[in-house]
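Written below as structure tokens is the structure these notes are about.
The values are calculated or read from the model by the stated rules, or taken from the named source; none is laboratory data. Being a predicted model, the structure only gives us computed values, none of them experimental. Heads up, the Cβs are rebuilt from the backbone with ideal geometry, glycines too, and the neighbour counts pull from every protein chain shown.
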Amino acid sequence: MNRRVSLSAKLVRIGVALLVLALASIGVTLWVTWQLEGGAAAVNEAGRMRMQTWRLTSAVQARLPPAEVQDLVQRFDGSLRLLREGDPSRPLFVPWDTDVRREFGNVERLWQGQRA
């Protein structure tokens, strides 16, 4: 038994298939964009940390009041925490592979040694 499907039913099926494909493409695009923005945010935060170390070194050499130096230390601690834990209000993507974890651990150990 050969059952014939009407032209309108075929068009509806094609339309639904194209809609599903378009929605899937949009979803993948949003996910990729989120990952790229998160990577850029992580790079920006790492650059901010480099600037913070320069400011902290300058503050210590200039013998600024301990309260100002402590404020800079707390900002650097906050940046480390942000990279480690992320921030739910914005994307922050750090590729936590073995090498990155090891180097981040080294940075944290060096920083704790400097704080002491």
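What to note about this one:
- The set of residues from region 2-56 being outside any helix (DSSP H, G or I) and not basic (Lys, Arg) comprises ASN2, VAL5, SER6.
- Residue match in region 46-60 (condition: polar (S, T, N, Q) and in contact with a Ser or Thr (Cβ under 8 Å, 6 or more places away or on another chain)): yes
- Evaluation of ARG90 against the conditions (1) among the charged types (D, E, K, R); (2) modelled with pLDDT under 90; (3) loosely packed, with under 10 Cβ neighbours inside 10 Å shows that the sole unmet condition is (3).
- For ARG63, the conditions (1) assigned to a helix (DSSP H, G or I); (2) under 25 Å from GLY113 (Cβ atoms) are fulfilled apart from (1).
- Scope region 100-116; condition loosely packed, with under 11 Cβ neighbours inside 10 Å and under 15 Å from ALA42 (Cβ atoms); matching residues: GLU103
- Test: residue in region 69-84 that is under 19 Å from ALA41 (Cβ atoms), assigned to a helix (DSSP H, G or I) and among the acidic types (Asp, Glu): yes
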